[in-house]
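Written below as structure tokens is the structure these notes are about.
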Amino acid sequence: MKTNQSNIKKAKKYLNKNYCIGVPTETVYGLAANAYIDSAVKKIFNLKKRPKNNPLIVHYHDIDSLERDCLINDNFIKLYKKFSPGPITYVLKLKKDSKISKYVTNNQKSLAVRFPKHFLFKNLLKQLDYPLAAPSANISTKVSAVKAKDVREEFGNKIRYILDGGTCAIGIESTIINLIGKPTILRLGGLDISKIQKTLGFKLNIAVNSKKKIAPGQSRLHYSPGVPLRMNIAKPKNNEAFIIIKKRKTKLKNYFYLTTTNNLNEAAKNLYSCLRKIKNKGYRFIAVEKISNKGLGRAINDRLQRASKY
Ligand code: TXA
Ligand code: MG
């Protein structure tokens, strides 16, 4: 991993020319472009083959840069102080005079915003005078990218540059909370919602399977390895890749560990690489051992469930 300023300079050069580039975050890699420029934002949608009505998350360096575009409120300030930068995305009201491209939001009046923690991305944002729209760096509905080489696998030479920041520390996307009206969780993710509840002091609405589909990340077919997947399996069939989380005495080649010690943070970190690996090895079926619904286990199960709808 190269971490010097010259790579950040390169990233800046491409972004200033309105190209899309790959960027590392602590959750998953993003496909980033200037959120103020229509033509730059449109490139993101084309590259990802993303439906135009699925809005993007915009990444800011800090609260001062955010306030040019969004209205903030007390719940936001409490959560921002505690958890940002980090794996949480806030949905806020857009200001009338915000410069955000209408393509980012599909003309909606709300904006999803995040303050990433990865030191390279944070450093890059600090040097730009515009925020970056960045969805996960994968083709729409497919498995997200957690390494620079995954981003290359998704987009090949269609993107100019990837800022290589090593393997993502958390490995699954941010938790999304809508802070317009009563706080509501729209997507489970890298920040355990019990911590959010503790900070706000009340129980949150959870609408991750809402029929209204405010966040299309809530949609059923998503995060898909392109291979059918079964969950809560004790005994796999012979032709299945078996994803497990507890140490076994086995030399079987079709067993894939997310963690050997039932460590759910480690399991989250390895989830997408494991799915990618299984797919690349040519397996046609996947079975997954039962994973407890505690902490990040809940977000892992959410992703597996959506992946299983293939
Ligand atoms: O960890 C993450 O959040 C990563 C990294 C790159 O920051 N980004 C990410 O972006 O996961 P994406 O586009 O793959 O998922 C963003 C989700 C989508 O499901 C989208 O529908 C939802 O956020 N979203 C975006 N803007 C929204 C808004 N204004 N209201 C509700 N949901 C929104
Ligand atoms: Mg995504």
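For the stretch 276-298, the set of residues classified as open to solvent by less than 30 Å² (accessible area, probe 1.4 Å) and under 19 Å from residue 174 (Cβ atoms) consists of 296, 297, listed by residue number.
When 111, 94 are checked against the criterion of being away from ligand 2 (no atom under 16 Å from the Cβ), open to solvent by 10 Å² or more (accessible area, probe 1.4 Å) and not small (Gly, Ala, Ser), a single residue qualifies: 94. Which members of the stretch 136-147 meet the condition of being within 19 Å of residue 40 (Cα to Cα) and open to solvent by 10 Å² or more (accessible area, probe 1.4 Å)? Across the stretch 136-147, the qualifying residues are 136, 139, 140.
State the number of residues belonging to the stretch 211-233 that are part of a loop (DSSP other than H, G, I, E, B) and either charged (D, E, K, R) or modelled with pLDDT of 70 or more (or both). I'd like the intermediate steps shown before the answer.
Residues of the stretch 211-233 part of a loop (DSSP other than H, G, I, E, B): 211-215, 219-223, 225-228, 231-233.
Among the residues that remain, those that are also either charged (D, E, K, R) or modelled with pLDDT of 70 or more (or both) are: 211-213, 220, 222-223, 225-228, 231-233.
Qualifying residue count, the stretch 211-233: 13.
The set of residues in the stretch 9-42 that are surrounded by 20 or more Cβ atoms within 10 Å (Cβ to Cβ) and part of a helix (DSSP H, G or I) comprises 11, 15, 40, 41.
Within the stretch 160-171, the set of residues being within 16 Å of ligand 2 (Cβ to nearest atom) and out of contact with any Pro (no Cβ under 8 Å at 6 or more places or on another chain) comprises just one member, 171.
Scanning the stretch 43-56 for residues that are in contact with a strand residue (DSSP E or B) (Cβ under 7 Å, 6 or more places away or on another chain) and in a helix (DSSP H, G or I) yields 43, 44, 47, 48.
Residue check: is residue 68 within 16 Å of ligand 2 (Cβ to nearest atom) and assigned by TED's automatic domain parsing to the domain that holds residue 162? It is false that residue 68 is within 16 Å of ligand 2 (Cβ to nearest atom) and assigned by TED's automatic domain parsing to the domain that holds residue 162.
For the stretch 231-252, check the following and say yes or no: at least one residue is touching a residue at least 60 places away in the same chain (Cβ under 8 Å) and open to solvent by 20 Å² or more (accessible area, probe 1.4 Å). Quick ask: steps written out before the conclusion?
Taking the stretch 231-252 first, the residues touching a residue at least 60 places away in the same chain (Cβ under 8 Å) are 231.
So of that shortlist, the ones also open to solvent by 20 Å² or more (accessible area, probe 1.4 Å) come out as 231.
Yes.
Kindly establish whether residue 49 is modelled with pLDDT of 95 or more and within 15 Å of ligand 2 (Cβ to nearest atom).
Details: modelled with pLDDT of 95 or more: yes; within 15 Å of ligand 2 (Cβ to nearest atom): yes.
So residue 49 passes the test.
Being of a type outside the set (Gly, Ala, Ser) and crowded, with 16+ Cβ neighbours inside 10 Å is a description that applies to residue 150.
The values are calculated or read from the model by the stated rules, or taken from the named source; none is laboratory data. Since the structure is predicted, the reported quantities are computational estimates derived from the model, not experimental observations. Positions of Cβ are backbone-derived with ideal geometry, glycine not excepted, and every protein chain shown enters the neighbour counts. Side chains are part of the model used for accessible areas, which takes the heavy atoms of the whole protein and leaves out ligands, DNA and RNA. Shrake-Rupley method; radii C 1.70, N 1.55, O 1.52, S 1.80 Å.
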